[in-house]
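The next block holds one structure in the form of structure tokens; read it before the comments.
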Amino acid sequence: MSEVVELAIVGAGPAGMSAAVAAREQGVEVLVLDEQAAPGGQIYRNVEAVASGRPGAAHALGEDYRAGAALVRAFRRCGARHMPSTAVWEIGAVARRQDASAPFELGILRSGSAKFMRARCVIAATGAQERAVPIPGATLPGVMSVGAAQTLLKSSGLVPDAPAVIAGSGPLVYVVASQLLRAGAPLRAVLFTAAPAARIRRRPRALPAALAMPGALRKGLAWRREMARAGVETLDVANLALDGVDRVESVCFTHRERSRSMPAPLVLLHEGVVPSVHLTLAAQIEHAWDERQHAFRPARDQWGNTSEPGLLVAGDGAGILGAEAAMVAGRVAALEAAHRLGKIDSRRRDALARPHHASLARHWRFREFLDIAFEPDETVLRPSRPGLVVCRCEEVDVSEIDRVLAHGCLGPNQAKAFTRCGMGPCQGRMCGTIVSEIFAKRRRTGVGEVGHYRIRPPVKPLTVGELAALGDTGPEPAATEGA
């Protein structure tokens, strides 16, 4: 491996692995950095071990999950260097802004040791994270996210033994409900907070978008039938709240304008996923507010290029499209990286990418349908209940945000200084979008105008000792005029 690697890829999920395979096909030297011990990302987490040693879990997780094993095999054979259990806490481009030929500087943490590495080109394939669900009772023991339940099933084969209620919105609700049923979990009910059928009726333009990928639509209908066959109660609900003393005991909601309460020792919440953007925000590249997905994402072109030349984004970290589309986007970004590195000319890049661009167009069209059908409710996006906790790390509730707003606070960053909201261990990952939405609602402006927290490196926890041990591992500081 040369001192400066040609292409560094952050993340070994569907986009990152596909990018590595495609880049290696064009003769690019590739280094893939990933926090997990094995490739797969969140979607294909632990897929090698599950596919080879846990046939029951592999069946429960479904064909789409098992298909990830083939991608992992291709990734391991492609010749890319893989650094697992490695956290990337910074993508630095300061030197590049003074000298365009300078490499990127990546801060990494591995085996308790922090250091810098350099790359001529970077693809950030950071994936997605679940949207926070700020509803009454969400912090009670016995409440967890749908994604966390799925992670336990993938990583350890753990299945709930108590009757579970899934509540929320988004395609992952269907996916995980089906997986838990096949794994033998006692699933009591699925409560849909978005009422997808009603939303589609109110916005008929969603139907043509659904036909862009009829196979995906049939798959969703099959999951719904699977729940019906298993006798799982499925309801469209509003005013969702959780009740309990020392732990969650029941789910309260409104169904057909009637208040109901359902016993529930285990509740799994979900309100869709959003791009994981902390690393790209800290890199100080341009980000845009996506009105349809209610999330910030890096501003990028059709190739994944960002406002920083040589830094590309791919997969759900650049906009939520799902695993299949992430693999396609990873290949497109890899072809652009190969072109930037001089491995292929623009004609070959364009010819190889043409079918991928057509595929991504279909995925974006279908995503329009999903964004309409599963748009989170206003009470989730912009909570207004005074005592509702927004920032769990610092225990800041809606009333405290309203208080600083009433005193003239201009935005999330100033609110952070007054309330510590966003200054906890998650660094605003869970509360950032919610706080921006609250400010936009109260100030009657767009979330893009309000903006996001300013994120600074390190975006992963580092000890003072780890920082001090960096010593001279980084590049020489750039000379300044008059120095």
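No value in this document is a laboratory result; all are computed from the given coordinates. The shown structure was predicted, so the numbers you read here are calculated from the model rather than taken from an experiment. As a convention, Cβ positions derive from the backbone with ideal geometry for all residues, glycine included, and neighbour counts pool all protein chains shown.
I need the phi-derived Karplus couplings for the range 383-396: 6.51 cos²θ - 1.76 cosθ + 1.60, θ = phi - 60°, integer Hz, Gly and Pro marked x.
Taking θ as phi minus 60°, the curve returns x, 10, 5, x, x, 6, 6, 9, 10, 5, 4, 10, 6, 9 Hz for the range 383-396.
The range 234-308: Rg/Rh from Cα coordinates, Kirkwood Rh?
Taking Rg over the Kirkwood Rh, I get 1.23.
Using bins 20 angstrom wide from zero, how does P(r) for the chain break down, in % of all Cα pairs?
Taking every Cα pair in the chain, the percentages come to 23, 57, 20, 1.
Where the convex hull is taken over the Cα atoms of the range 64-150, what is its projected area averaged over directions, in nm²?
Details: hull surface 39.2 nm².
Orientation-averaged projected area of the Cα hull: 9.8 nm².
Could you line up E291, E257 from fewest to most neighbouring Cβ atoms inside 10 Å? Before the final figure, lay out the partial values.
Values: E291 11, E257 6.
Fewest-to-most Cβ neighbours within 10 Å comes out as E257, E291.
Which percent, nearest 5, of DSSP beta bridges in the chain are antiparallel?
Approximately 50 percent, going by the DSSP bridge assignments.
Could you tell me whether the range 185-283 comes out rounded, prolate or oblate from its Cα gyration tensor? Rule is a ≥ b ≥ c as square roots of the eigenvalues, rounded for a/c under 1.5, then prolate if a/b exceeds b/c, otherwise oblate.
Judged from the Cα gyration tensor, the range 185-283 comes out oblate (a/c at least 1.5, b/c at or above a/b).
When 1/r is averaged over all different Cα pairs and the result inverted, which Kirkwood radius in Å belongs to the range 32-86?
Evaluated over the range 32-86, this radius sits at 11.5 Å.
Using every alpha carbon pair in the range 382-450, what percent of pairs falls into each 10 Å bin from 0 up to the bin containing the largest distance?
Using 10 Å bins, I get a P(r) of 24, 62, 15, 0 for the range 382-450.
Tell me, what is the Rg over Rh of the range 1-113, with Rh the Kirkwood radius over Cα pairs?
1.05
Compute for the range 113-204: radius of gyration divided by Kirkwood radius, i.e. Rg/Rh, restricted to C-alpha atoms, rounded to two decimals.
Rg/Rh for the range 113-204 comes to 1.11.
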